[in-house]
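The values are calculated or read from the model by the stated rules, or taken from the named source; none is laboratory data. A quick note: this is a predicted structure, and the numbers were derived from the prediction, not measured. Cβ placement follows ideal geometry from the backbone for every residue including glycine, while neighbour counts extend to all protein chains displayed.
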Amino acid sequence: MPEPIVTLNEESLRSDLRELVRRTVEEMLNGLLDEEAGDLVGAERYERTADREAYRAGHYERKLATTSGEVTIRMPKLKGMRFTTAIIERYRRRETSVEEAMIEMYLAGVSTRRIEDVSEILWGSSVSAATVSNLNERAFEAVEEWRNRPLERAYPYACVDGIYLKRSWGGSYENAAAMVATGADDDGCREVIGAAEGLTESAECWREFLSWLRSRGLRGVRMFTGDKAAGMVGAIAEVFPEAAYQRCTVHFYRNVLARVPKSRRPTVAAMLKAIHAMESREASEAKALEVAGELERMRLGKAARVVREGFTETLTYTRFPREHWRRIRTNNAIERLNREIRRRTRVVGAFPDGRSALMLATARLKYVAESEWGSRRYLDVTLLEE
């Protein structure tokens with residue numbers, strides 16, 4: 001075959017195109033600034049008119065980081081008038097889209113040091129950790145507004161859980177609970193409906209958290225799903241007496257398996273899963289009693305006692321449409337959010353106060369909720385009307 005006549009250096013072509021775009025942006029911005037200065041002065045460059053309002057006095061240069069690279073802006077200087085422009089905010093050193101990108105990177109879990117390196121590569125200018133922190137202070141204002149937004153829809157299903165974050169507490173670093181609630185709305189889509197700080201997962205903290213949700217408009221809840229944390233069940237019954245409570249089946253399995261020798265856990269796990277694979281509540285209850293009896297014959301009395309005492313509250317989901325069972329009998333959906341929070345907060349380590357911990361956790365929840373996670377239909381809630 002004949003050798004190719006023309007070869008292209010893609011890297012060089014890409015670099016040239018990028019430089020062409022950067023120069024075009026630079027020339028366009030400087031042209032707009034020059035035009036704006038001419039309108040303020042009342043005369044073009046070097047023009048002499050009787051009704052002019054000011055005189056040009058040269059220019060000064062400043063840098064502006066854009067998505068096309070760093071450009072040099074020639075800001076006009078005027079005598080007899082202060083030059084103000086609507087094109088670029090005063091003291092601004094970065095394009096708005098660049099700032100938004102840095103905030104998005106931070107909320108997505110990128111460390112401030114890595115953001116400095118990325119900004120240097122993408123936009124030709126680095127930013128300090130202090131700058132990133134200042135940008136996120138503005139972002140956290142929007143996060144706080146989102147956290148306290150009114151809940152204007154009905155949520156037939158809700159899921160609550162707590163996650164512990166390390167924060168400064170009286171001169172030492174201790175764990176404090178961040179309480180999170182999600183719900184499936186009347187369209188069947190998932191939504192983060194609440195996030196707040198609690199000292200511990202005590203009955204009082206859960207009562208305050210659920211009351212706060214109710215004050216913001218949470219209504220129409222038919223069932224709460226949770227891991228039976230201390231005080232959770234009583235608080236739900238007190239604040240939402242009309243709602244049923246479903247104990248997460250996965251946490252129930254963990255409580256049972258914690259009392260089983262490691263060598264026997266695979267066998268017992270299969271027995272436990274069979275309880276919730278039945279076609280009706282009656283069949284599940286009979287299977288649970290059968291499993292408890294078998295555990296006693298295996299000389300696992302403590303595990304059998306946990307099954308007998310706890311299986312009833314894991315079968316609340318059977319009151320609802322069968323198509324919903326697999327998704328409402330566990331709090332796996334909220335555990336997915338907890339993993340996102342841990343991944344993001346692990347970068348920080350220990351927080352100086354509760355507000356910073358809550359804001360970063362809530363920012364991550366907002367980021368996930370506004371993605372595909374919150375836009376997909378999770379359940380067909382029309383089945384509840386049937």
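Arg207 meets all of the listed conditions (1) part of a strand (DSSP E or B); (2) farther than 17 Å from Ala333 by Cα; (3) over 15 Å from the mean Cα position of the chain (by Cα) but one, namely (1). For the stretch 341-361, the set of residues classified as within 30 Å of Lys273 (Cβ to Cβ) and either among the hydroxyl-bearing types (Ser, Thr, Tyr) or buried (at least 18 other Cβ atoms within 10 Å of the Cβ) (or both) consists of Ile341 only. Name the single residue, out of those in the stretch 143-175 being in contact with a helix residue (DSSP H, G or I) (Cβ under 6 Å, 6 or more places away or on another chain) and in a strand (DSSP E or B), that is modelled with the lowest pLDDT. The residue in question is Arg167.
In this structure, is Lys262 in the same structural domain as Asn332 (by TED's automatic domain parsing) and in contact with a His (Cβ under 9 Å, 6 or more places away or on another chain)?
Taking the combined requirement at face value, the residue does not satisfy it.
As for the stretch 192-208, it holds at least one residue that is more than 20 Å from Leu358 (Cβ to Cβ), free of Cβ contacts under 8 Å to residues at least 60 places away in the same chain and of a type in the set (Gly, Ala, Ser). What about Leu337, is it modelled with pLDDT of 95 or more and either assigned by TED's automatic domain parsing to the domain that holds Trp206 or on the phi < 0 side of the Ramachandran plot (or both)? So Leu337 does not fit the description; no.
Within the stretch 237-272, the set of residues being closer than 19 Å to Arg297 by Cα and among the basic types (Lys, Arg) comprises Arg259, Lys262, Arg264, Arg265. The combined condition, being outside any loop (DSSP other than H, G, I, E, B), of a type outside the set (S, T, N, Q) and exposed (fewer than 15 other Cβ atoms within 10 Å of the Cβ), is not fulfilled by Arg364. Among the conditions (1) more than 30 Å from Gly198 (Cβ to Cβ); (2) of a type outside the set (D, E, K, R); (3) surrounded by fewer than 18 Cβ atoms within 10 Å (Cβ to Cβ); (4) in contact with a helix residue (DSSP H, G or I) (Cβ under 6 Å, 6 or more places away or on another chain), the only one that Ala244 does not satisfy is (1). Counting only residues that are more than 36 Å from the chain's Cα centre (by Cα) and β-branched (Val, Ile, Thr), the stretch 285-306 holds 1 of them. For the condition within 35 Å of the chain's Cα centre (by Cα) and part of a helix (DSSP H, G or I), Tyr245 does not qualify.
I'm checking my understanding of the structure. Among residues of the stretch 51-89 that are exposed (fewer than 11 other Cβ atoms within 10 Å of the Cβ) and in a strand (DSSP E or B), which one is modelled with the highest pLDDT? Residue satisfying both the conditions and the ranking: Glu61.
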